[in-house]
1. Taking only region 341-352 into account, find how many residues are of a type in the set (D, E, K, R) and without any contact (Cβ under 8 Å) to a residue 40 or more places away in the chain.
2. So GLY101 clears everything in (1) more than 15 Å from LEU126 (Cβ to Cβ); (2) in contact with an Asp or Glu (Cβ under 9 Å, 6 or more places away or on another chain); (3) modelled with pLDDT of 95 or more except one condition, right? Which one?
3. Among the residues of region 475-492, what is the count of those that are more than 14 Å from ALA149 (Cα to Cα) and either modelled with pLDDT of 70 or more or in contact with a Ser or Thr (Cβ under 7 Å, 6 or more places away or on another chain) (or both)?
4. If we keep just the residues of region 352-381 that are part of a loop (DSSP other than H, G, I, E, B) and at pLDDT 70 or above, which is surrounded by the fewest Cβ atoms within 10 Å (Cβ to Cβ)?
5. Hey, could you check region 39-54 for residues that are at pLDDT below 95 and of a type in the set (Gly, Ala, Ser) and say which is nearest to GLU139 (Cα to Cα)?
6. Could you identify the single residue in ALA200, ALA204 that is within 30 Å of GLU220 (Cα to Cα) and without any contact (Cβ under 8 Å) to a residue 12 or more places away in the chain?
7. Can you list residue pairs whose Cβ atoms sit under 6 Å apart, with the first residue in region 43-68 being closer than 11 Å to GLU112 by Cα and the second being among the aromatic types (Phe, Trp, Tyr)? Count only pairs 6 or more apart in sequence or on different chains.
8. Taking only pairs six or more apart or across chains, which ones have beta-carbon atoms under 8 Å, a first residue in region 427-453 that is touching a residue at least 40 places away in the same chain (Cβ under 8 Å) and among the polar types (S, T, N, Q), and a second residue that is surrounded by 18 or more Cβ atoms within 10 Å (Cβ to Cβ) and not in a helix (DSSP H, G or I)?
Amino acid sequence: MWRGLWTLAARAARWPHRLCRRQGSGAPAPSSGATIFALSSGQGRCGIAVIRTSGPASGYALRILTAPRDLPAARKASLRLLSDPCSGEPLDRALVLWFPGPRSFTGEDCVEFHVHGGPAVVSGILQALGSVPGLRPAEAGEFTRRAFAHGKLNLTEVEGLADLIHAETEAQRRQALRQLDGELGHLCRSWARNLTKALAHVEAYIDFGEDDNLEEGVLEQADIQVRELEVALGAHLRDARRGQRLRSGAHVVVTGPPNSGKSSLVNLLSRKPVSIVSPEPGTTRDVLETPVDLAGFPVLLSDTAGLREGAGPVEQEGVRRAQERLEQADVIVAMLDASDLASPSSRNFLDTVVATVGAQSPSESSQRFVLVLNKSDLLPPEGPGPGPDLPPNLLLSCLTGEGLHSLLEALRKELAAVCGDPSTGSPLLTRARHQHHLKGCLDALGHYKQSKDLALAAEALRVARGHLTCLTGGGGTEEILDIIFRDFCVGK
């Protein structure tokens, strides 16, 4: 249905003379800067739908659709009757807001129509806007792209806005808000200013090195600024892709011997029956994955086949895939049956997975590790009996839920270490593009330090500064911009 509505609006934009035989007075002359319009709120029946326009014909469109036809006060909601400009038929009684440029989201003249959210109302208003000369339907992300083109947002802020729209967890929201507020952009501009000072010092020495009036220690000041920037860049590049993990989700793998309760835990954490639970060993024969909001962090949770030897070919393939997922995991949740720690399968699991991964400190491995002893409801009051030596562990009963709070808190700490805390510290790098430009800047600073010729040293500083400029959008190519704006919805 909505695709049909959008097709009607697009046709109206291409052939306005078919809908209106005569053009109203005061229509703007055709210009290269077309005015765009789109439904900006969610699709489907709702109480209020927001339709907005951006471009030079926005004021004209507002006048011919509303009665009275004068423009309302800027940035103040006004109740107006909306009518079809061709037939004069009333369409809706709505709130309208007029945002004259440059004080608007896009920097252009903008209008918002807050209409009733029924499909017939939205369809009628989209068709009416499409009949206005100079208006056309917006493309995906076009409003934000115009805001970027008019200097309302830099590229890192645009990326933060996209992340905020797609945020599904508290941690993602906090990180996206920090980036939308411009923290990463401000940091990069500060680094670029320091590089500009260093470049000015080097070029001053090249031009006036033999002039007695030149301040002493000019090159030493440039070297100090470069060293300080190298330290800052190195710290950000050593963040182990925490920002990217927080944006796209950390990988948590639940592993253990057969019948230890892995599938029960996955169902408990995801709050839905993802995996089949059965007392028969080897029920899970493939990797089952589900996205989960875990303690405020986005997680891809994997349920794997029980690790054991001597099973059939199908189960052995499941074991192979489970071991493959273990190598890719950010956090490993190892499960054992607390009432059966002395069994051969439990001891084998302890000797292989737990002994190799769990014994490593966080500084030695990029993977985090949590050992869970499940089925605590089967234990006697005094706890587990004599058994093998175990690293730090948590008791849990997937049946009763006892111990779940402690497990969630332990996972929250591990995920915070993997993804970073978005509410504290320096802004995180959320995209591979950020890593690329900071790495390029750091490499260029290395060339500066190695250069024996001052002209080559100055050129290295220009390259380094160029990478920082590209990161915030000053030198981005159209191809890169297309990729960034591609994920926006129509109307944003």
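The values are calculated or read from the model by the stated rules, or taken from the named source; none is laboratory data. Please read these numbers as outputs of a predicted model, since none were measured by experiment. FYI the Cβ positions are ideal-geometry reconstructions off the backbone, even for glycines, and counts take in every protein chain you see. Heavy atoms of the whole protein, side chains included, go into the accessibility calculation; ligands, DNA and RNA do not. Shrake-Rupley method; radii C 1.70, N 1.55, O 1.52, S 1.80 Å.
1. Residues flagged as of a type in the set (D, E, K, R) and without any contact (Cβ under 8 Å) to a residue 40 or more places away in the chain within region 341-352 amount to 1.
2. Failing condition for GLY101: (3).
3. Of the residues in that region, 5 qualify.
4. PRO381
5. Among those that are at pLDDT below 95 and of a type in the set (Gly, Ala, Ser), it is SER40.
6. ALA200
7. ILE51/PHE113; THR53/PHE37; SER54/PHE143
8. GLN435/ARG241; GLN435/LEU429
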